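For reference, the structure is listed below as structure tokens.
Read-outs: derived from the displayed coordinates by stated rules, not from any lab. Quick caveat: nothing in here was measured; it's all calculated off a predicted structure. Cβ coordinates were reconstructed from backbone atoms using ideal geometry, including for glycine residues, and neighbour counts include every protein chain displayed.
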Amino acid sequence: METSEQTNKKKTKVGIPRALHFYRYFPFWKKLLEELNVEIVLSPPTNKKIVEEGVTHGFGELCIPVKIYYGHVLRLLRDHPDLYYIFVPRYVAEVKEAYFCPKFLSLPDVIKILPEVPKILNFEVNVKEFPIATSAIELGKELGRTQNQALNAYREAQKYFDEYHQFLRDGAPVNHALRLVERNRPFTLPKKKHTGDIKFLLLGHAYNIFDTFINLDFQKKLRDQGVEVLTIENLPESLFKEPVIINPKGGGLRNYWKHEEEILAAIRYFLKEGRNEIDGVVFLISFACGPDSLISELIKHDMKVVRLPFLEIIMDEHSGEAGLLTRVESFVEMVRRKKKKLALDSKKTTAVKTL
């Protein structure tokens, strides 16, 4: 009888870079691949060496998240030369109305040119052309599994992914949830939930907000100053059902990009019925990200209209901690003073009315 160790040795070893869509889809990928009897190997959390290697191999026009992805792939190849595959999914369209960034669409193709890359294990998501279940079948076929095995794996992965999203909507921080997924632990909320006297909505792509190396542990900086942080992942799913129409009085324009659509949908809620639920908005943007630069101007305009404090932080491989901390501290202090003044003015108004 074979031991579990002997069985594991026969599994196909697949490397997953801890970058880009990892911070959004890893729970789904992990469950899907494990159900297909694959051994998953993750690159370590982003560090200085990974960034330096990625910047060296990435050309100048790339945003820093893509450069970091290169670094993670190279780290996997160096640490695990026995990998049979590198898992590089191609996300084209998750909904029929929008696309992902072109740099993500071409990711499997550009990764092939890196030195000594093993086979690319692709998983294409393009609902404009075919259902995701079809991609799961193709993935299973590449791994030597039957159609039924692949479909069962897909169903289990989607079920687990739904549970993961509900966990986030119940208030779980994404980094905490991802650690539980990685360690095969049940979804349990942290014992200590951070609360502060002010609350910020932290906007940005998951790989900008939850990669604590490249953003210099931005959320911790906010928490250390008494700020409670809310991200898109914690918001109710219902907020993202209706499309965002830009400039409806001028004929209306639909947003073209998937991630930016979610950011605009979140802002739409806090501009209206959720206006009093937060005290400010912070938007983390990668340098050279065209879509984010465009919607940032829209958000900035809307924030002025409703007088909601707004801070834009642009990050790249040269971002310095001292300058970032100064900006954050100044913004937090400004918001805190504004909130105290509004509370004081409200008390004065109430007192006058009672006289």
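Which order results if Lys241, Lys67 are arranged by neighbouring Cβ count within 10 Å, fewest first? Kindly include the intermediate steps, with their values, before the conclusion.
On the way: Lys241 8, Lys67 26.
Ordered from fewest to most neighbouring Cβ atoms within 10 Å, Lys241, Lys67 come out as Lys241, Lys67.
Let me check I've understood the local charge: for Glu34, count other residues with C-beta under 13 angstrom from its C-beta, Lys and Arg +1, Asp and Glu -1. What total comes out?
Values: positive: Lys11, Lys13, Lys30, Lys31, Arg145; negative: Glu35, Glu39, Glu156, Glu182.
Around Glu34, the charge tally is +1.
Enumerate the lysines that Lys48 could reach by cross-link, defined here as Cα to Cα under 22 Å, with residues fewer than 8 away along the same chain left out.
Lys67, Lys220, Lys221
Tell me, what is the FRET efficiency for Lys10 and Leu42 to the nearest 0.05, using R0 = 25 angstrom and their Cβ-Cβ distance as r?
Working: r = 20 Å, r/R0 = 0.81.
For Lys10 and Leu42, the calculated efficiency is 0.80.
Can you figure out the FRET efficiency of Glu129 with Leu344, using R₀ = 41 Å and their beta-carbon distance, to the nearest 0.05? Provide the component values of the computation, followed by the final result.
Details: r = 58 Å, r/R0 = 1.41.
Result of the calculation: an efficiency of 0.10.
Would you kindly give the portion of the calculated P(r) for the range 86-228 that falls above 20 Å, as a percent of all Cα pairs?
Values: 6489 of 10153 pairs.
Value for the range 86-228 (Cα pairs over 20 Å): 64 percent.
So which GluC sites (Glu not before Pro) in the range 242-332 are both in a DSSP loop and have at most 16 other Cβ atoms within 10 Å of their Cβ? Kindly include the intermediate steps, with their values, before the conclusion.
Numbers: sites: Glu260, Glu261, Glu262, Glu273, Glu277, Glu297, Glu312, Glu317, Glu321, Glu329; in loops: Glu273, Glu317.
Loop-located and lightly packed - Glu273, Glu317.
Viscosity 0.890 mPa s, temperature 25 °C: Stokes-Einstein D of the range 30-162 from its Kirkwood Cα radius, in µm² per second? Kindly include the intermediate steps, with their values, before the conclusion.
On the way: Rh = 15.9 Å.
It diffuses with D of about 154 µm²/s by this estimate.
Helix 132-142 against the longest principal axis of the chain: what's the angle in degrees, Cα atoms only, rounded to the nearest 10?
Between the helix axis and the principal axis of the chain, the angle is about 30 degrees.
Place a label point 7 angstrom from the Cα of His194 along the Cα-to-Cβ direction, then list the residues of the range 297-327 whose backbone nitrogen is under 16 Å away.
Once the point is set 7 Å along Cα→Cβ of His194, 325-326 turn out to lie under 16 Å by backbone N, inside the range 297-327.
At q = 0.12, 0.16, 0.22 Å⁻¹, what is the base-10 log of I(q)/I(0) for the range 236-336 according to the Debye formula with one equal point scatterer per Cα and no solvent? Please give it to two decimals.
Listed by q, the Debye log ratios stand at -0.45, -0.79, -1.30.
Starting with the fewest neighbours, write out Asp170, Asp82, Asp316 ranked by other beta-carbon atoms found within 10 Å of each beta-carbon.
By the 10 Å Cβ count, ascending, the order reads Asp82, Asp170, Asp316.
Given labels modelled 7 Å from the Cα in the Cβ direction, how far is it in nm from Lys272 to Arg254?
Between Lys272 and Arg254, the label points sit 1.9 nm apart.
With Cβ to Cβ distances under 11 Å as the rule, what net charge do the other residues near Ala206 carry (K, R +1; D, E -1)? Could you put the intermediate results ahead of the total?
Details: positive: Arg24; negative: Asp211, Glu233, Glu262.
Once all neighbours under 11 Å are counted, the net charge is -2.
Which value, to two decimals, describes the C-alpha radius of gyration of the chain once divided by 2.2 N^0.38 Å?
On the way: Rg = 22.1 Å, N = 355, 2.2 N^0.38 = 20.5 Å.
Here the Cα radius of gyration is 1.08 times the empirical estimate.
Evaluate the distance, in nm, between pseudo-label points positioned 7 Å from the Cα of His318 and of Thr212 along their respective Cα→Cβ axes.
2.8
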